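Report on the structure given below.
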Amino acid sequence: MITKNEMGWNFDNTYLGLPKDFYTKTNPNPVQEPELVILNKYLAESLGLDVKGLWKEGKEIFAGNCIPVGAEPIAQAYAGHQFGHFTMLGDGRAVLLGEQITPDGARYDIQLKGAGRTPYSRGGDGRAAIGPMLREYIISEAMQGLRIPTTRSLAVVTTGEPVYRETVLPGAILTRVASSHIRVGTFQFITGLEKKDELQNLADYTIERHYPEIMHEEHRYLAFLREVIKRQAALIAKWQLVGFIHGVMNTDNMAISGETIDYGPCAFMDTYDPKTVFSSIDTGGRYAYGNQPYIGGWNLARFAESLLPLLHENEEQALQLAQDEITKYNGIYRENWLNGMRAKLGLFNQEEEDHELIEEILELMEQNQSDYTNTFVALTFDKFEDLAVCGTDGFKNWQQKWKERQNRQKNSEDEIKDLMRKSNPAVIPRNYRVEEALEAATEGDYSVMGRLLDVLKDPFKHSAEQAQYANPPEPANQPYQTFCGT
Ligand code: AMP
Ligand code: MG
């Protein structure tokens, strides 16, 4: 038995204070032969956990074989629009152990993903295969390195049990750490039950947990909607700026905290092309790179709809209030994105025509099939010879305009370069590098993944080692495809 505070575990369980509709008490299903294959030392420390103790005995907890005292495991209920279609869902293969209170008093959900069947599993086995769990580990930690709000990955254990997909694969469980797992779909779920009191409970709980600054506002549910819109707009702008493609932006995969959540078929874009899609199931390109900002707005409209009963007693007025907020999303998103792009180009101040300069370089990149990340790195270090586009007249014209634009601001060349270095990552988790790491790990060699995680830790370092990870993939016969991995 793991007693309270042993290994630093310090659980609270405030989600259980919500009405019973929101969850079902469920223990994780024990597994045969757990083995701890990766542990996030830095994250563990920041959570107040004892790293040595976890390496020695943590596997029983990460496998769900042993519940630390103080944790009261649940599976959460939620709904979601999956590819546009509304469905009742819930944690079908995840169990929330509880909320870890860190030494600084912060609160984080500790969730075991792949912990076996729950009342929400429908036809699924509740399990996960090693590849997708390690993939989530790598990409979520890469996002953290890129300074993009994200859930984190604390550990992966293999279960010693097979999972049956198209082939038989080794089973694994990921320990996910999140500010919370409250989603747009959590609100849709309770609104769908037409229980206004419970909707209010959830809204109050979420405001207190993620938006305490608006707790005392007179129209706090409207303020809540406004703030969620702002955080999502900022988040999606950050994705666009680094070429991240989530792959499955269903409303159940959009966290109210503003963290990126649920790394399934996600991947980073190499060659700049707004139509880029990697997910094998996204045949219509609904979640293509260039469509993500629009889908963000669509999802937020679903969120606004679910809040309607709290916005005003009069339905029409509620709708009007919601619409007024939702219409602001595009502008807020665009502002975030433009400012991010300005920073990537070394621009500190704002000029009306900046969007033209930005769109022009993107167009040139698209025409010349340029690598998105490496183009900005080349611009940062004046390595124009590395750029596929640099020989073109179009680029030379653009470069002239860009230099003139930079010179119209008061900042020095050093300041400009510094801003660009901080805004343009040297590395992203390239798909072929991720695959290489997963392949080795599945064979039991975790060193390849370890090295990849090291270079992704601070992608703005621009170190010599990172340069080796910057190469775009060799041209392939087949386009790269990702899978949901469920
Ligand atoms: P996702 O596509 O990972 O966001 O999952 C969508 C829904 O399917 C969620 O409710 C999951 O809990 C559920 N789900 C995914 N994989 C499984 C599985 N292997 N067993 C049971 N439920 C699953
Ligand atoms: Mg999900």
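Leaving out ligands, DNA and RNA, what percent of the accessible area of the range 185-336 is carbon and sulfur, probe 1.4 Å?
Working: 2850 of 5980 Å².
Using a 1.4 Å probe with all protein chains present, the range 185-336 comes out at 48 percent carbon and sulfur.
How much length is gained on full extension from Q409 to E435, taking 0.36 nm per residue of separation minus their Cα-Cα distance? Spell out each step's value before the answer.
Numbers: separation 26, 0.36 × 26 = 9.36 nm, distance 4.33 nm.
In short, 5.0 nm is gained.
With every protein chain kept in the model, how would you rank K422, K52, K275, K401 by accessible area, 1.4 Å probe, largest at the top?
On the way: K422 115, K52 170, K275 140, K401 90 Å².
The ordering from most to least exposed comes out as K52, K275, K422, K401.
Between the range 300-355 and the range 97-126, what is the C-alpha centre distance in whole Å?
31 Å
Where in the range 77-163 are there chymotrypsin sites (Phe, Trp or Tyr not before Pro) that are in a DSSP coil and have at most 15 other Cβ atoms within 10 angstrom of their Cβ? Write out the running numbers ahead of the final one.
Values: sites: Y78, F83, F86, Y108, Y120, Y137; in loops: Y78, F83, Y120.
Those satisfying the criteria are F83.
For the range 209-288 and the range 52-81, write down the distance between their C-alpha centroids in whole Å.
Between the Cα centre of the range 209-288 and that of the range 52-81, the gap is 26 Å.
Before I look further, what does the range 104-218 give for accessible area per residue, probe 1.4 Å, in whole square angstrom? Provide the component values of the computation, followed by the final result.
Values: 4190 Å² over 115 residues.
For the range 104-218, the per-residue accessible area is 36 Å².
If I stretch the segment between E352 and E213 completely, what's the gain in nm (0.36 nm per residue apart, minus their alpha carbon distance), one decimal? Working shown, then result.
Details: separation 139, 0.36 × 139 = 50.04 nm, distance 3.27 nm.
So the chain would gain 46.8 nm between E352 and E213.
Straight-line reach from K56: which aspartates and glutamates have Cα under 18 Å away, leaving out those fewer than 8 places along the same chain?
Once the sequence-local aspartates and glutamates are set aside, what remains near K56 is E6, E33, E35, E45.
Can you give me the relative contact order of the chain as a percent, contacts being Cα pairs under 8 Å and 6 or more apart?
On the way: 912 pairs, mean separation 68.3, N = 486.
Across the chain, relative contact order equals 14 percent.
Which shape class, rounded, prolate or oblate, goes with the range 6-181 when its Cα gyration tensor gives a ≥ b ≥ c as root eigenvalues, a/c under 1.5 marks rounded, and past that a/b bigger than b/c marks prolate?
Details: a/c = 1.33, a/b = 1.13, b/c = 1.18.
Rounded.
How many angstrom separate the Cα center of the range 379-393 from the Cα center of the range 22-45?
For the range 379-393 versus the range 22-45, the Cα centre distance is 47 Å.
Take the solvent-accessible surface of the protein heavy atoms, probe 1.4 Å, and return the percent of it on the range 6-181 that carbon and sulfur atoms account for.
Numbers: 3240 of 6460 Å².
Roughly 50 percent, rounded to a whole number.
Hey, with R₀ at 22 Å, roughly what FRET efficiency would A464 and D382 work out to, going by the Cβ-Cβ distance, to 0.05?
Working: r = 18 Å, r/R0 = 0.81.
FRET efficiency, A464 to D382: 0.80.
Does the chain classify as rounded, prolate or oblate by the C-alpha gyration tensor (a ≥ b ≥ c root eigenvalues; a/c under 1.5 gives rounded; else a/b over b/c gives prolate, otherwise oblate)?
Numbers: a/c = 1.81, a/b = 1.26, b/c = 1.44.
The shape class here is oblate.
Using the charge dipole of the range 369-486 (Lys, Arg: +1 at Cβ; Asp, Glu: -1 at Cβ; taken about the Cα centre), state which of Q481, A440, G394 has its Cα farthest towards the positive end.
Among Q481, A440, G394, the one farthest towards the positive end of the dipole of the range 369-486 is G394.
Before rounding to the nearest 500, sum -39500 (n - 2.57) across all DSSP H runs of length at least 4 in the chain and divide by the residue total; then give [θ] at 222 nm in deg cm²/dmol.
Computed ellipticity for the chain at 222 nm equals -13000 deg cm²/dmol.
When the dipole is taken about the Cα centre of the chain, and only Lys, Arg (+1) and Asp, Glu (-1) are charged at their Cβ, what size is it in debye, to the nearest 20? Each step should come with its number before you reach the end.
Working: 49 positive and 69 negative charges, 106 e Å.
Its charge dipole is roughly 520 debye.
Counting only GluC sites (Glu not before Pro) that are in a DSSP loop and have at most 10 other C-beta atoms within 10 Å, tell me the longest site-free stretch of the chain. List each step's numbers first, then the result.
Values: sites that count: E166, E194, E218, E313, E352, E353, E443.
In the chain, the maximal stretch lacking such sites is 1-165.
Report relative contact order for the range 185-336 in percent, whole number only (criteria: Cα-Cα under 8 Å, sequence separation at least 6). All intermediate terms of the calculation are to be shown ahead of the outcome.
Values: 181 pairs, mean separation 42.8, N = 152.
Dividing the mean separation by the residue count of the range 185-336 yields 28 percent.
The values are calculated or read from the model by the stated rules, or taken from the named source; none is laboratory data. Note that the structure is a prediction, hence the values are computed from the model and not measured. All Cβ positions, glycine included, derive from the backbone under ideal geometry; neighbour counts span all protein chains shown. Heavy atoms of the whole protein, side chains included, go into the accessibility calculation; ligands, DNA and RNA do not. Shrake-Rupley method; radii C 1.70, N 1.55, O 1.52, S 1.80 Å.
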